[in-house]
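Asker: The structure's right below; bear with me while I get my questions together.
Coordinate-derived values only; no laboratory data. Every value quoted in this text rests on a predicted model; they were computed, and no experiment measured them.
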Amino acid sequence: MSKVLASTSFRRWKQKVLRAVEVVKRERAARVEAEAEVASLRTQLEAQIALSQEQMSAVNKGARDGPQSRRGMLKQMDDLI
């Protein structure tokens with residue numbers, strides 16, 4: 001009977017180990033997928049940051065150039081009068 005008990009015990013242990021291995025495999029796959037998603041999101045974020053910086057530069061340039069443009073237009077109007 002002890003051989004039967006040992007055999008049953010071994011099969012149970014083997015099943016637990018196999019289940020644990022499957023859990024580890026699933027967790028590793030999920031981690032790889034999550035890391036890929038993080039990399040993709042970082043790339044998107046960097047692109048958005050670059051676009052925002054370009055837009056801010058354009059706004060700042062417009063704010064700097066605006067008064068000069070208005071002065072130039074006013075001078076042209078004065079010259080016409």
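Asker: Which ³J(HN,Hα) values, rounded to whole Hz and listed in residue order, are derived for the stretch 26-34 from phi using the Karplus coefficients 6.51, -1.76 and 1.60 in 6.51 cos²θ - 1.76 cosθ + 1.60 with θ = phi - 60°, glycine and proline given as x?
Answerer: In residue order, the calculated couplings are 5, 5, 5, 4, 5, 5, 4, 5, 5 Hz.
Asker: Once you compute Rg and the Kirkwood Rh from C-alpha atoms, what is the Rg to Rh ratio for the chain?
Answerer: We get a ratio of 1.77 for the chain.
Asker: Work out from phi, with θ = phi - 60° and the Karplus expression 6.51 cos²θ - 1.76 cosθ + 1.60, the ³J(HN,Hα) of each residue of the stretch 10-25, listed in order in whole Hz, and give x for Gly and Pro.
Answerer: Karplus values, whole Hz, x for Gly and Pro: 5, 5, 5, 4, 4, 5, 5, 5, 4, 5, 5, 4, 5, 4, 4, 4.
Asker: Return a single number: how many Lys pairs in the chain, at a sequence separation of 8 or more or on separate chains, have alpha-carbon atoms below 27 angstrom apart.
Answerer: 5
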